[in-house]
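Below you'll find the structure, written out as structure tokens, and then a few comments.
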Amino acid sequence: MRRIATALFGVAAFAFAAASAQAQGTVKIGLIMAYSGQFADTATQMDNGIKLWVKQHGDTVAGKKIEFIRKDTGGPNPDVAKRLAQELVVRDKVDILAGFTLTPEALGAAGVSAEGKKLLVDMNAATSIITEKSPYIARTSLTIPQLEYQFGKWVRGHGMKKMYTMVADYGPGIDAETWFTKGFKEAGGEIVGSVRMPVANPDFSAFVQRAKDINPDGVFIFIPGGAQPIALTKALKERGFPGDKIFAQGELTMDDNALKSMGDNALGIRTVFHYSWEHKSKMNEAFVKAYEAEFKRHPDVFSVGAWDGMHLIYEALKKTKGKADGDSLIAAAKGMKWESPRGPISIDPATRDIVQNVYIRKVEKVGDGMQNVEIDTIKDVKDPAHAK
């Protein structure tokens, strides 16, 4: 009887050891994004960046197999994101949460990251407060204040005295309005009017007309990526709004179709962004070539944010020798520096937020089409909302 019990114990112990070895041999990453709905293309571009990284760098790092579990929020719904994050952590036993097309998704999942002590890699959501919501969050995309505070100062320094602001009425839009205004006013400018527009707005005609009626020196615009830039550029064209009076965050002119819809009206639009496929560097040239070969389209800010997010995850796992607990991974991420297709970037060890170059671009004719041409660079910019 004792021999049978011993044998059974040995079998059970082996099975447990095998299961443990299998679990220890895999790092599970839960991707939470808006794979369907208005922002589905944003999620597609992010997922493309992830897929390209894995294709080029393999699906094994530090002896661990990387496994992805994808969850669809359907749009900017924090409650859905929270539920999906809970399912991923409790049921699917993921080690890392990542993705986050939109701010509400990241904010919804942040509490789960904090409670579960899971690394959360924010690959796109851009509202400044996100990293404050869990000590396990690191961001590889951007923050709105990082771009807009510098842009406000730059716009005033390049001849604009009176500006009108038009922003989407949600966290990033309010951040954009706040920090552009702060930079512009500190540099001696005046805001002569403002409007906040519904985040899923399909028609911008009335908003554009209101701005045109006030006739400021220029208009500052912030809207999310996806379908909205095409709708807004269409309204700007219909009302004959000249490009040299338009200043915006880069989403407005990021999409080739948006530029085509404006035609010559797009000439002179100036935008601020941290990346575009037109950026001149050897690394970006290789990245763009590989991306276009794989997906038959240009990469964008969504693609590069996810690409760099995978870089952070892989390098953190190398540093920890495969340990995937949140404390080990976030410690490895703090202070990390590397060369990205967008230029040199790092993770601020104090805030866990990205530090990067900010580029001012102008829409110009290049060959037979329109392109965003970099005309100025502001180097190594931190999020001013967290600056000490």
- Roughly how many Å is it from the Cα centre of segment 102-143 to that of segment 247-291, as a whole number? 26
- Ordered by residue, what ³J(HN,Hα) values in Hz, to whole numbers, does segment 337-349 give under the Karplus form 6.51 cos²θ - 1.76 cosθ + 1.60, where θ = phi - 60° and Gly and Pro are x? 10, 6, 8, 10, x, 7, x, x, 9, 8, 9, 4, x
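Over 31 Å between C-alpha atoms is what I'm after, so list which of Lys65/Lys379; Lys51/Lys133; Lys82/Lys318 land there. It would help to have the intermediate numbers written out before the result.
Details: Lys65/Lys379 37 Å; Lys51/Lys133 28 Å; Lys82/Lys318 29 Å.
Beyond 31 Å: Lys65/Lys379.
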- Query: Which whole-Hz couplings ³J(HN,Hα) result when phi for each residue of segment 206-214 is put into the Karplus expression 6.51 cos²θ - 1.76 cosθ + 1.60, θ = phi - 60°, listed in order with x for Gly and Pro?
  - Reply: 5, 5, 5, 5, 4, 5, 5, 5, 6
- Label-point separation, Lys212 to Lys185 (7 Å along Cα→Cβ), nm: 2.9
- Item | Qualifying aspartates and glutamates (Cα of each under 19 Å from Cα of Lys382; at least 8 residues distant if same chain) | Asp122, Glu132, Glu148, Asp175, Glu177, Glu186, Asp308, Glu339, Asp348, Asp353
- Note on the structure: Residue-normalised 222 nm signal for the chain, counting each DSSP H run of n ≥ 4 as -39,500 (n - 2.57), nearest 500 deg cm²/dmol, is -14000 deg cm²/dmol
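Of the peptides 26-33, 371-378, 267-274, how do they stack up when ordered by the mean number of other Cβ atoms within 10 Å, highest first? Mind dumping the intermediate values first?
Numbers: 26-33: 23.9, 371-378: 15.8, 267-274: 22.4.
Most protected by this proxy first, the peptides run 26-33, 267-274, 371-378.
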- Task: Starting from the Cα of Lys237, draw a straight line to each of the aspartates and glutamates and keep only those under 19 Å, dropping any in the same chain fewer than 8 residues away.
- Result: Asp203, Asp213, Asp217, Glu251, Asp255, Asp256, Asp264, Glu364
- trypsin sites (Lys or Arg not before Pro) within segment 208-253: which are DSSP loop residues with at most 15 other Cβ atoms inside 10 Å? Arg239
- Could you give the angle, 0 to 90 degrees to the nearest 10, between helix 103-116's Cα long axis and the longest principal axis of the Cα atoms of the chain? 30
- Please sort by residue number the trypsin sites (Lys or Arg not before Pro) in segment 318-370 whose DSSP state is loop and whose Cβ has at most 12 other Cβ atoms within 10 Å. Lys321
- Residue list for segment 23-66, given a label point 7 angstrom along the Cα-to-Cβ vector of Lys321 and an amide N cut-off under 14 Å: 62-64
- Query: Here are some pairs, Lys118/Lys334; Lys71/Lys319; Lys93/Lys117; Lys153/Lys185; Lys118/Lys319; which of them have Cα atoms lying more than 19 Å apart in this structure?
  - Reply: Lys71/Lys319
- Task: Round to the nearest 10 and give me the degree value, 0 to 90, for the angle of helix 282-295's Cα axis relative to the longest principal axis of the chain.
- Result: 80
- Query: Helix 2-24 versus the longest principal axis of the chain: what angle, 0 to 90°, nearest 10, using Cα atoms?
  - Reply: 20
- Item | Karplus 3J(HN,Hα) series, Hz, for segment 358-372 with 6.51 cos²θ - 1.76 cosθ + 1.60 (x for Gly, Pro) | 10, 10, 9, 10, 10, 6, 9, 6, 10, x, 8, x, 9, 9, 7
- Message: What lysines does Lys234 reach when the alpha-carbon gap must be under 21 Å and sequence neighbours fewer than 8 apart in one chain are set aside?
- Response: Lys212, Lys245, Lys260, Lys362, Lys365
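The numbers here are math on the coordinates, done by the rules we state, and not lab data. Please read these numbers as outputs of a predicted model, since none were measured by experiment. Quick reminder, even Gly has a Cβ in these numbers, built from the backbone with ideal geometry, and neighbours come from all protein chains shown.
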